[in-house]
Amino acid sequence: VDGLFKPALDNGTLAQLVVAKASLPLWVLIRLVIHWIFSSGIVAALSLLAVPLFQLSWFEAWILMASIVTGSPMLLMLSAVASSLTLSLKNGAVLVPLIALPMQLPVLIFATGAVDLFATGLNGLPILALLLAGSIISVLVMPWVIAMTLKMSWLN
């Protein structure tokens with residue numbers, strides 16, 4: 001995630017976007033959606049390979065894929081916020097996990113809890129709905145937060 005915004009800052013793309021008064025939140029959102037498709041989207045599709053490895057039923061594998069799809073946008077947005085906060089620092093990549101991990105742990109706990117509930121025969125749909133709601137809220141709000149931190153990083 002550290003490589004999301006650093007090249008744009010180094011090569012002047014971020015400066016051009018800020019000076020031209022382009023829609024920085026839209027640029028951030030497009031960049032993050034493309035990153036999600038090529039990282040978490042592929043992981044979600046490949047999670048079906050876990051069926052023979054972990055002796056899961058197909059239903060549990062689909063729930064695993066659903067928890068990845070519903071939780072990974074929130075994980076990506078939180079990581080992107082941490083990456084944008086440390087963008088202007090010299091060794092900011094070291095701080096990104098320290099900033100992002102405490103925010104990401106509840107998402108990981110809820111996602112594994114949903115899979116575990118379905119594996120034991122209980123209803124885990126409320127947890128998946130909570131993950132989906134958090135992802136929708138983070139996709140709607142975080143691009144503006146990231147855009148503001150990118151502007152602050154560019155000004156420094």
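The values are calculated or read from the model by the stated rules, or taken from the named source; none is laboratory data. As the structure is a prediction and not an experimental result, all values here were calculated from the model. Glycine gets a Cβ as well: all are built from the backbone with ideal geometry, and neighbour counts include every protein chain shown.
Name the single residue that is farthest from LEU24 (Cα to Cα) among those in the range 86-141 being in contact with a Ser or Thr (Cβ under 9 Å, 6 or more places away or on another chain) and among the hydroxyl-bearing types (Ser, Thr, Tyr).
THR112
What is the number of the single condition among (1) surrounded by 13 or more Cβ atoms within 10 Å (Cβ to Cβ); (2) under 18 Å from ALA61 (Cα atoms); (3) modelled with pLDDT under 95; (4) not small (Gly, Ala, Ser) that THR120 does not meet?
So the condition that THR120 fails would be (1).
Scan LEU75, LEU128, LEU98 and give me the residue that is within 17 Å of the chain's Cα centre (by Cα) and touching a residue at least 60 places away in the same chain (Cβ under 8 Å).
LEU128
For ALA129, are the conditions met, namely being modelled with pLDDT of 95 or more, under 21 Å from LEU32 (Cα atoms), exposed (fewer than 14 other Cβ atoms within 10 Å of the Cβ) and small (Gly, Ala, Ser)?
So ALA129 does not fit the description; no.
Which number in (1) more than 15 Å from the chain's Cα centre (by Cα); (2) exposed (fewer than 14 other Cβ atoms within 10 Å of the Cβ); (3) in a helix (DSSP H, G or I); (4) of a type outside the set (D, E, K, R) marks the one condition that TRP62 misses?
(2)
Being in a helix (DSSP H, G or I) and under 13 Å from the mean Cα position of the chain (by Cα) is the requirement here; does MET103 meet it?
Considered against the rule, which asks whether it is in a helix (DSSP H, G or I) and under 13 Å from the mean Cα position of the chain (by Cα), MET103 comes out as yes.
Within the range 112-151, can you find the residues that are in a helix (DSSP H, G or I) and either touching a Pro at 6+ places or on another chain (Cβ under 6 Å) or on the phi > 0 side of the Ramachandran plot (or both)?
SER135, VAL139, PRO143, TRP144, ALA147
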